[in-house]
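Right, one structure below, let's go through it.
The values are calculated or read from the model by the stated rules, or taken from the named source; none is laboratory data. Owing to the predicted nature of the structure, the values given are computational and were not obtained by experimental measurement. Cβ coordinates were reconstructed from backbone atoms using ideal geometry, including for glycine residues, and neighbour counts include every protein chain displayed. Calculation scope for accessible area: heavy atoms of the full protein, side chains included, ligands and nucleic acids excluded. Shrake-Rupley method; radii C 1.70, N 1.55, O 1.52, S 1.80 Å.
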Amino acid sequence: MPTLHLKKIKCIEQEDWTFHDDVVIKVDGEVVNFHSMDAGDTDTLDEYVTFTGKALIQIYEADYGADDDDFLGAHTVRRGSGVLEFTGDDAHYKLSYAVE
């Protein structure tokens, strides 16, 4: 089975203008990482997830209380490596990955 390696995430533009972003990363619907980030931050993830066929990577900015979480985007990967960009809800994140 292939393994998805989530390497690093960089916040270019955060979604939340008043506080830091609480970034939730999901792979195939399961939360695999949670980071608090501000614009300009880069965090090492170093997360490994096995999958079959393809892996769906989704990023949300968690809101607490009455608001729904903000969907920042999704990408499906099967093989290879690179940098995925998530630009939903006026945010901008870059996520580096490799399928090993």
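Odds and ends about this structure:
- For segment 44-57, the criterion of a residue being within 26 Å of ASP16 (Cβ to Cβ), of a type in the set (Lys, Arg) and in contact (Cβ under 8 Å) with a residue 12 or more places away in the chain is satisfied by no position.
- Looking across segment 70-100 at every residue that is within 11 Å of ILE12 (Cα to Cα), at pLDDT 95 or above and not in a strand (DSSP E or B), the one that is most open to solvent (accessible area, probe 1.4 Å) is identified as THR87.
- Residue match in segment 44-58 (condition: in a strand (DSSP E or B), under 18 Å from GLN14 (Cβ atoms) and of a type in the set (Val, Ile, Thr)): no
- Scanning segment 59-69 for residues that are of a type outside the set (Gly, Ala, Ser) and open to solvent by less than 30 Å² (accessible area, probe 1.4 Å) yields ILE59, GLU61.
- Cβ-Cβ distances below 6 Å connect the following pairs, each with a first residue in segment 71-98 that is in contact (Cβ under 8 Å) with a residue 40 or more places away in the chain, a second residue that is open to solvent by 70 Å² or more (accessible area, probe 1.4 Å) and aliphatic (A, V, I, L, M), and a separation of six or more residues or different chains: LYS94/VAL83; SER96/VAL83.
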